[in-house]
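Structure first, commentary second.
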Amino acid sequence: MHNKYSLNVNKISKRFGRQLLFRDISFSLVTGDSFFITGPNGSGKSTMLQIVAGLQKSTSGDVSFFMDEKKIPEDERFRHFGFASPAMNPYDTLTAVENIMFASSGIKKENIDEMLNLFGLYPHREKHVGIYSSGMKQRLRIILSMINSPGILLLDEPSSNLDSEGKDIVFSAIEKLREKTLVIIATNEHDEMKLCHKGIDIAEQNY
Amino acid sequence: MQSRIIKNLRKDFLIEFRNRSALNISFAFAGITTLSVSLACGGASLSSQVNAVLLWVIIFFSGMSGLSHIFIREEEEKTALFLSLCSDPENIYLSKLLFNIILFACITALVTPLYLFFMQVVPVYILYFISTVAAGSLAVSSITTILGAMVAKAESRGSLFTVISFPVMIPVLWISIKLTADSIEGGAPPEVRSILFLLAFSGVIISVSYLVFKFIWTEN
Amino acid sequence: MTSNPLMTLMTVVMIIWIGLALFLYRLDRRVSKIEEEMNEP
Amino acid sequence: MNIYRLVFIFMPVVIYMALIWAPPAAILGDASRILYFHVPVAWVSIVAFLVAGINSIILLVSEKNRREREFMAHNSAVAGMVFIILALITGSIWAKLSWGSYWNWDPRETSIVILMLIYIAYLSLYSSLKDNPNRGSISAVYLIIAMITMPFLVFIIPRIYPSLHPDTIINQERKIHLEAAMRITLFASIVTFTLLYGYIYRLMNRISALEIKAEEKHYDI
């Protein structure tokens, strides 16, 4: 799936009741760009990522996705991006394979096993996700976001709860697909920010 | 489109049958209510009107105990976000609707024979009776699906589901009770027109819910 | 005049209405005042 | 000036017409004058329900000023709730006068009760969605679904009614014969009560608009 994606975020702001999270944030990216969003806790990193993904509406401003210069309608967007965040829980009573089969569309069994192997979850693939450790669940989340090889990858703190080995696996996986994917990472960790060419700090943008 | 609905449906069935607590509660509730009602009546032979009313009260409240769980589980286990990423609202609605219809068909299939057996009721027009109960239970499950989606988003769930379902359910309950009473008594000949009314009502509710479900499901 | 029950009933209802009307009108006045104040900050 | 303020002039006139000017009814005499209050109040509660429903449809269809629509639908429902309770009280008094019992599941009484159940359900759903950002659209959807049920009810009540109602009612024709003067009074009363509803509804809308404006004064976007 090597079409050229571009993403245009135009002056988005978000307010919860009286509390203003961020204001007039704009950036535009194309396939191959890796972009980080950083900022202190509670500055709205995850909220912004969800707004970009279309899972939440922004108070003002708009986000538009383009595939080969063609605008993707709002309700079609979810087919074109992968998303992983601590707020996204796979089904505990299903096994890892069942979760992946559910999330993926038309992926052959071998690719799934290969992915599980890559992320070190192959031995646990038939166990219920409910008994997974937080680190294993986080690896599964990353797999779920990448399984359909989406054109746009949105990751919210991808290496949270991961051990060093887990981090290496995740970073090399991101490294591998950077050329043909538009990646956005919301994080506070330096080694995750180093993965990206450029990015913004919400705290600075506001004032 | 179909494959996504089937995938959702398979997932829901897998989960519901893995931890069967919710299913067991719904079936247990239906069974216990039927038995306790017939026990309370103590073998008294009731008029077909009262029988019809009792049967539909049991069916309605069995629905109230089981038909919102499919949405509430997604909210409680916070898997709603993951589901929104894998499927668009329309397919989510259709798969949840099918699940509710199948689940409620089983519950009604448990309650009705149990009721007939314990209350020694033999409807005169058997086929008419069965088609009324089937059409009625289809209407009940199609209305409660969209209302279950609403209640799942609310905080204090408790009996909110019953409070908001009952007024919308009144036309269905009324028609079903009248037809069931006629079919048991055998007085009036079978009125296919009324059964078509029940199906039409479910059809209207399903099509409107299909259009407006995304306003309930996606945050804004 | 007072012997006719309808007359007494009417006067009672009229008094209730006048009380309600005054209350509503005062509310209306206060809302208009706030509206002006809000519109010219 | 909003025309609803006419209610301050019309209402006293209607009170006079209803209680003094209009001739007493044939069978029930002066007691039937409650009709001039019961019928308009019941009519207004249905109007309030429709206004809430239309606001809900507009809320879902048009993207702009959703919060105002949400409050307008809620205001109309609250006003409707007050009027439906009044309709119920005056209705049962009316039933007592003309049929001897406060409640006997007459078709009109039943539809009033069902409408009240819908109001109760809407208001409890609305309050239990308190801090959900999606509250407006979810309660709007409920109103729309409830509105779909209403026409079905209108077909069913006459068909179902004979078999459900145990005994025959006392006076056969429900509507007492209305002479011209009575019809004018009833019409004037309906117009006035609709103006009263409009006045209250508009006043509540102005207040909720101010509330939204006050909330948004705190931030610049």
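Where a number appears in this text, it was derived from the coordinates with a stated rule and is not lab data. Just so it is clear, the structure is predicted and the values come from calculations on it, not from any experiment. Please note: Cβ atoms are built from the backbone with ideal geometry, for glycine as well, and neighbour counts cover all protein chains shown.
Sticking to Cα atoms, compute the Rg of region A:58-97 to one decimal and its Dmax as the biggest Cα-Cα distance, whole number, in Å.
Rg, Dmax (Cα atoms, Å): 14.8, 41.
So what is the orientation-averaged projected area of region B:29-103, using the convex hull of its C-alpha atoms, in nm²?
Dividing the Cα hull surface by four gives the mean projection, 6.3 nm².
How high is the relative contact order of chain B, in percent, with contacts defined as C-alpha pairs under 8 Å that are six or more residues apart?
Result for chain B is 29 percent.
Need the list of lysines near A:K176 for cross-linking: C-alpha distance under 16 angstrom, and skip anything on the same chain fewer than eight residues off.
Excluding near neighbours in sequence, the set is A:K167, A:K194.
For A:G82, which sequence-distant residues (separation of 5 or more, or a different chain) have an amide H within less than 5 Å of its own amide H, given hydrogens modelled in the peptide plane?
A:I152, A:L153, A:L154
Computed over the Cα atoms, what is the radius of gyration of chain C divided by 2.2 N^0.38 Å, N being its residue count?
The value comes to 1.96.
Could you give the length gained by full extension between A:S133 and A:N10, i.e. 0.36 nm per residue of separation minus their alpha carbon distance, to one decimal place?
Net length gain for the segment: 40.4 nm.
Give me the lysines in straight-line cross-link reach of B:K214: C-alpha distance below 16 Å, same-chain residues under 8 apart excluded.
Once the sequence-local lysines are set aside, what remains near B:K214 is A:K57, B:K96, B:K153.
Quick one: angle between helix D:35-61 and the longest Cα principal axis of chain D, in degrees between 0 and 90, rounded to 10, please.
Helix D:35-61 sits at roughly 30 degrees to that axis.
So if I place +1 on the C-beta of Lys and Arg and -1 on the C-beta of Asp and Glu, and nothing else carries charge, what would the dipole magnitude of the protein assembly as shown be about its Cα centre? I want it in debye, nearest 20.
I would put it at about 780 debye.
Would you mind pulling out the separation of the Cα centroids of region B:74-134 and region A:1-36, in Å?
That distance is 43 Å.
Can you pull the one-decimal nm distance between simple spin-label points at B:S156 and B:Q2, each 7 Å off the Cα toward Cβ?
4.6
Show me, bin by bin at 10 Å from 0, the whole-percent P(r) of region D:98-141 based on Cα pairs.
In order of increasing distance, the bins hold 25, 33, 21, 16, 6 percent.
Normalised radius of gyration for region D:1-78, please: alpha carbon Rg relative to 2.2 N^0.38 Å, two decimal places.
Cα-based Rg divided by the globular estimate yields 1.56.
Springs between alpha-carbon atoms under 10 Å, Gaussian network over chain A: tell me which of A:F35, A:F22, A:F102 tops the mean-square fluctuations.
A:F102
May I ask for the angle, rounded to the nearest 10°, between helix B:21-41 and the longest principal axis of chain B, with both axes built from Cα atoms and the value confined to 0 to 90°?
The angle comes out near 20 degrees.
For region D:34-176, max minus min Cα coordinate along each principal axis, in Å, sorted largest first?
Each principal axis gives a Cα extent; for region D:34-176 these are 53, 28, 24 Å.
Counting pairwise Cα distances across region B:87-212, what percent come out greater than 22 angstrom?
So the portion of pairs separated by more than 22 Å is 40 percent.
Where does the longest stretch of chain D lie that holds no GluC sites (Glu not before Pro) found in a DSSP loop with 13 or fewer other Cβ atoms within 10 Å?
D:64-172
Which percentage, to the nearest 5, of the DSSP beta bridges contained in the protein assembly as shown is antiparallel?
Counting DSSP beta bridges with both partners in the protein assembly as shown, the antiparallel share is about 55 percent.
Is the shape of region A:5-206 rounded, prolate or oblate, going by the alpha carbon gyration tensor and its root eigenvalues a ≥ b ≥ c, with a/c under 1.5 for rounded and a/b larger than b/c for prolate?
prolate
Hey, if you drop one equal point scatterer on each alpha-carbon of chain B and run the Debye formula without solvent, what base-10 log of I(q)/I(0) do you get at q = 0.18 Å⁻¹?
-1.28
For B:F117 and B:A40, FRET efficiency with R0 = 22 Å and r from the beta-carbon atoms, rounded to 0.05?
The pair B:A40/B:F117 has a calculated efficiency of 0.85.
Which order results if B:I101, D:I112 are arranged by neighbouring Cβ count within 10 Å, fewest first?
Arranged by neighbour count, lowest to highest, B:I101, D:I112 become B:I101, D:I112.
Mind giving me the nanometre distance, one decimal, between the label points for D:S101 and C:L27, set 7 Å out from Cα along Cα→Cβ?
3.8
Restricting to Cα pairs below 8 Å that are 6+ residues apart, what does the relative contact order work out to for chain D? Please round to a whole percent.
Rounded, it is 36 percent for chain D.
Loop only by DSSP, 15 or fewer other Cβ within 10 Å of the Cβ. Give me the GluC sites (Glu not before Pro) in region B:137-220 that pass, ordered by residue number.
B:E155, B:E219
Given +1 on the Cβ of Lys and Arg, -1 on the Cβ of Asp and Glu, and no further charges, what dipole in debye does region D:34-176 carry about its Cα centre, rounded to the nearest 20?
200
Taking the Cα centroid of region A:118-137 and of region B:152-210, what is the distance between the two, rounded to the nearest whole Å?
Cα centres, region A:118-137 to region B:152-210: 45 Å.
For chain B, find the longest principal axis of its Cα atoms and tell me its angle to the long axis of helix B:126-153, 0 to 90°, nearest 10.
30
Under 10 Å, Cα contacts only: if you run a Gaussian network model on chain B, which one of B:I130, B:I143, B:I70 comes out with the highest mean-square fluctuation?
Of B:I130, B:I143, B:I70, the Gaussian network model singles out B:I130 as fluctuating most.
Mean residue ellipticity at 222 nm from the helices of the protein assembly as shown, using -39,500 (n - 2.57) per DSSP H segment of n ≥ 4 over the full residue count, to the nearest 500 deg cm²/dmol?
Helix contribution divided over all residues of the protein assembly as shown: -22000 deg cm²/dmol.
Counting only other chains, and only Cβ atoms inside 10 Å, what mean value do you get across the residues of D:77-86?
Mean partner shielding for this stretch: 0.
Based on the Kirkwood radius over alpha-carbon pairs, what value in µm²/s does the Stokes-Einstein equation return for the translational diffusion coefficient of the protein assembly as shown at 4 °C and 1.567 mPa s?
It comes out at roughly 44 µm²/s.
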